1. Hey, any idea what % of the stretch 131-274's accessible area is carbon plus sulfur with a 1.4 Å probe?
2. To the nearest 10 degrees, how steeply does helix 162-172 sit against the main Cα axis of the chain, on a 0 to 90 scale?
3. Give me the base-10 log of I(q)/I(0) for the stretch 118-213 at each q in 0.10, 0.21, 0.23 Å⁻¹, Debye formula, one uniform scatterer per Cα, rounded to two decimals.
4. Quick check: Cα centre of the stretch 311-335 to Cα centre of the stretch 83-123, how many Å?
5. Just the number, please: carbon plus sulfur as a percent of the accessible area of the stretch 1-42, 1.4 Å probe, no ligands or DNA/RNA counted.
6. Give me the percent of DSSP beta bridges within the chain that run antiparallel, rounded to the nearest 5.
7. Which ³J(HN,Hα) values, rounded to whole Hz and listed in residue order, are derived for the stretch 299-311 from phi using the Karplus coefficients 6.51, -1.76 and 1.60 in 6.51 cos²θ - 1.76 cosθ + 1.60 with θ = phi - 60°, glycine and proline given as x?
8. State the three equivalent ellipsoid semi-axes of the stretch 1-148, derived from the C-alpha gyration tensor as the square roots of 5 times its eigenvalues, in descending order and whole Å.
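The values are calculated or read from the model by the stated rules, or taken from the named source; none is laboratory data. As the structure is a computational prediction, the values presented were derived from the model and not from experiment. As a convention, Cβ positions derive from the backbone with ideal geometry for all residues, glycine included, and neighbour counts pool all protein chains shown. Surface areas here come from the heavy atoms of the whole protein model, side chains and all, with no ligands, DNA or RNA. Shrake-Rupley method; radii C 1.70, N 1.55, O 1.52, S 1.80 Å.
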Amino acid sequence: MTTILAIETSCDETAAAVIENGDTIRSNVVATQMESHARFGGVVPEIASRHHVEVVTAVVEEALEKAKVTYQDLTAVAVTEGPGLVGALLVGIHAAKAIAFAHGLPLIGVHHIAGHIYANQLVAKLQFPLLALVVSGGHTELIYMEKDGQFQVIGQTRDDAVGEAYDKVARALALPYPGGPNVEQLADTAEATLDLPRSWLEKDSYDFSFSGLKSAVLNRLNNDKQRGIVTDRAALAKGFQESVVDVLVAKTVRAHAQFNVKQVVLAGGVAANKGLRKALTEAFANKDVTLLVPPLSLCTDNAAMIGACAHSMWLRGIAGNMAMNARPGLPLSSF
C-alpha cells in the first residue's frame, strides 16, 4: 500500500492531498485565491506566490489531519514540478523538500498536465490505450497514451488555449474573472445564438486555434458599437461557446476513430464546462469506448491529481532529489 502526500501550487490554488494506492482520496484540501486576483482580471504571479507562502503549511497540516495520517505513515511526498508560475511552483517545491528531508521520505516531481490526466484514475481505472483531451487556462491538447506513463501529444493549440480565450472574451463582454464560468453562465441565458466561425485548420490536423474566434467576438462588439446596435451579449457568448465545443468534440471524436482507443478522458480546468461535458457525453454515447469525465472538484487545480500520478511514477521507481527546482516550461514527457 502506498500513502502519498501531494502538494500543488502551480498557479493560484494552494492544495494538499493524501492519496492511497493511487486511486483513493483520503483528503483533498484546496485554498483558493480567486477573490484576490478577481480585481485585476487575472492571476498576478507575485500575489499568488505570497498567498502560497502564507497558507501552504496550514493546508498540508489540514490534509494530514483529515486523512488521519502522520508523516510516519507516508510512503512519499509528491509535488508539482512544472509547468506553472515559477514563484508559485517554488513555494510548493520547497515545502515538499522540507517535509521529505525532515522525515526521510522520497520526493516525486510531477508534471502538472500529467496530473490532470491522472485525476481520472480517481474516478475509474485507466484503460490503455487512451486519448486525453486536456483543456485549461494554459493548455489545450490531445494526448495519446499507448500505455501507463507514456504521453504522445498529437494536437495542441497554436495560439490561445481554451481558458485564455474564455478569459479574453469575458473581458470583452465586461464579465468578471474567472472568464470560463461567467461566459458559460451568460450563454445559458441566451434565447438565440450569434453564429461564429470554427477554426478547423488543415484537414488532418488535430491542432487547435482560438485566437481568430476571440477576434471574431471583438469584431462583432466593435462593429455593433459603430453602427449604434446593442449587441445581444448572451447570444454572442453562446455562439462563442458553441464554436469552442464543436471544434474540441469533433477533433476528439476523429482522434478516437484513428487511434482506436479504449478510453477517452477529459482533463483540466475547462473540463468543468457543462456544455463541453454534455457534448462529449452525447458524442461518445453510442461508441465502443469508455468516456471518463472527472467531478468538478478534480477539474480545477488540486493536489489529489498530483498524488494519483505520483503513484504510477512510484511504481516505476521514479523519484527526484533535493536538487529539484521549479521548471515553469517543463515539457510533458513519458516516465
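1. 47
2. 50
3. Summing over Cα pairs of the stretch 118-213 leads to -0.37, -1.09, -1.16.
4. Using only Cα atoms, the two centres lie 9 Å from each other.
5. 47
6. 55
7. Karplus-based 3J(HN,Hα) across the stretch 299-311 equals 8, 6, 4, 7, 8, 4, 5, 5, x, 5, 5, 4, 4 Hz.
8. Values for the stretch 1-148, descending: 23, 22, 13 Å.
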